[in-house]
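Only the coordinates and a few stated rules stand behind these numbers; no lab work does. Predicted model only: the values in this text are computed from it and were never measured. Glycine also receives a Cβ, built like all others from the backbone with ideal geometry; neighbour counts cover every protein chain displayed.
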Amino acid sequence: MSRVAIIGCGMTSFGQQWDKGLVDLAVAASLRAMQDAGTESRIVDAVYCGNMSSGMFTGQEHISSMIADAAGLRMVPSTRVEAACASGAVALRQAFLAVKSGLHGCVLALGVEKMTDVSSTMSTRILSAASSQDYEASIGATFPGLYAMLARKHMDRYNTKEEQLAMVAVKNHDNALANPYAHLRKKISVDDVMQSQRIADPLKLLDCAPVSDGAAAVIVASEKIAGKADTPVWIEASAQSSDSISLHHREDLTTFKASACAAREAFRQARTGLNEIDCLELHDCFTIAEILALEDLGFAEKGSGGKMVEEGLTHVGGKIPANPSGGLKAKGHPIGASGIAQAIEATWQLRGTAANNTSPSKVLTHNVGGSGATAVVHIFGR
């Protein structure tokens, strides 16, 4: 089977895009990716579009064909992919599999979400659809509330401190300062986080990723096509796992078993180990999520993720930089686009063109749907 590479990347800025619609954002990112790849639209064999909830956020369903049409890809098969916050990474995985199998030679994988045209109350309600309606959302549980329970359990069991959660936010805001695409390019302090409004104890406003609009796209190509590209970045592994959607069905509230399972499979596919990964893009929708990810993926012993952040090991220049892009926390979190944006940061890191360049040889990305029911891990190499 063919090796698979990313040969083109394109993004819009993440934030409040009042003057652009969902299709506008998706097309802008897609055209930039094709231009970066030097690929004409006629070469693209298929499209996979990650999107969580265009119908509820914008009133428009059936967006896959609309985006293909507007991007000059009419008659090309275009498929929408939904996996809550992991929609983008699953779209990338579908593109990877389509090329890996030999079915297609060149595929556009994109993610997009337009979230800010509804009220914050409505946005919270829409996002809650990614949790269990029977056991969580129907009784008032929100994602800040669910992740707050995870954080409280981790704090009680492992003595993790609120200040360590705050340090995740401070680090990622510092990283976002250099990222021209980031939603929150604002320096903050631990005190700022600790004094911000409490949303769901122990999580505060600055522990939470913002509601963002935005799109990201990559061109995924076979080895034959990638061999003609200037700077191909190889997808060495693409792994996905799933778990119970409801927290009360989980064996352990301090572990995302789907993340651990996907990571094991990704390392197996890439025939590599933890010590060969130089840079991470982790799913930090809330600050506790980055700490959980460090542990579940194997980069920190269980219970020591907060200490790892406190010691500066995950900073740019540290032992294993995590979220040099600013992460979901500061770069922004337009749900369907986040997984593709992680892949773009990995590509830019490996090309040596990232804003906070860490000069890696291998980069791992980790995208989660909901509160851990879906997890996708990719490993990229030069």
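Extending 7 Å from the Cα toward the beta-carbon at both Ser2 and Thr353 defines two label points whose distance is 2.2 nm.
Rounded to the nearest 0.05, what FRET efficiency do Glu310 and Ser41 give with R0 = 51 Å and r taken as the Cβ-Cβ distance? Could you check? Please report the intermediate quantities before stating the final value.
Working: r = 48 Å, r/R0 = 0.95.
For Glu310 and Ser41, the calculated efficiency is 0.60.
How much FRET efficiency would the formula 1/(1 + (r/R0)^6) give for Lys20 and Glu301, where r is the Cβ-Cβ distance and R0 is 30 Å, rounded to 0.05? Display every interim value, and only then the final one.
Numbers: r = 44 Å, r/R0 = 1.48.
Using R0 = 30 Å, I get an efficiency of 0.10.
Maximal additional length on extending the Glu265-Leu205 stretch stands at 18.1 nm, based on 0.36 nm per residue less the C-alpha distance. Relative to the Cα centre, the charge distribution of segment 290-358, modelled as +1 at Lys and Arg Cβ and -1 at Asp and Glu Cβ, gives a dipole magnitude of about 220 debye.
Panel order for Asp117, Asp284, by other beta carbons found within 10 Å of each beta carbon, from fewest to most: Asp117, Asp284.
In terms of the ratio Rg/(2.2 N^0.38 Å) built on C-alpha atoms, what value belongs to segment 197-267? Can you show the working numbers first?
Details: Rg = 18.9 Å, N = 71, 2.2 N^0.38 = 11.1 Å.
Working it through for segment 197-267, the quotient is 1.70.
Note that segment 64-69 has calculated 3J(HN,Hα) couplings of 4, 6, 4, 5, 4, 4 Hz, one per residue in order, obtained from phi through the Karplus relation 6.51 cos²θ - 1.76 cosθ + 1.60 (θ = phi - 60°); glycine and proline are x. Once both labels are positioned 7 Å from their Cα atoms along Cα-to-Cβ, the gap between Ser189 and Gln133 label points is 4.7 nm. For segment 368-379, 3J(HN,Hα) computed residue by residue from phi via the Karplus equation (6.51, -1.76, 1.60; θ = phi - 60°) reads 10, x, x, 9, x, 6, 10, 9, 10, 10, 10, 10 Hz, glycine and proline entered as x. With neighbour counts taken as other beta-carbon atoms within 10 Å, the residues Trp348, Trp234, Trp18 rank, fewest first, as Trp18, Trp234, Trp348. Whole-Hz Karplus values for segment 127-137 come out as 5, 5, 5, 7, 9, 6, 5, 6, 10, 10, 4 Hz, taken residue by residue from phi with 6.51 cos²θ - 1.76 cosθ + 1.60 and θ = phi - 60°; glycine and proline positions read x. Taking a ≥ b ≥ c as the square roots of the eigenvalues of the Cα gyration tensor, an a/c ratio of 1.5 or more together with a/b larger than b/c marks segment 157-210 as prolate. The helix-based estimate of mean residue ellipticity at 222 nm for the chain, built from -39,500 (n - 2.57) per DSSP H run of four or more residues and divided by its residue count, is -11000 deg cm²/dmol to the nearest 500. Using a Gaussian network model of the chain in which every pair of alpha carbons under 10 angstrom is joined by a spring, one finds that among Asp207, Asp134, Asp230 the greatest mean-square fluctuation is at Asp134. Labels on offer are (1) 0.90; (2) 1.25; (3) 1.08, and the one holding Cα Rg over 2.2 N^0.38 Å computed from this structure is (1). Only aspartates and glutamates eight or more places from Lys257 in sequence, or on another chain, were considered; those with a Cα closer than 18 Å are Asp243, Glu265, Asp284, Glu290, Glu295, Asp296, Glu301. Legend: ranking of residues Arg268, Arg32, Arg93 from fewest to most surrounding C-beta atoms inside 10 Å; resulting order Arg268, Arg32, Arg93.
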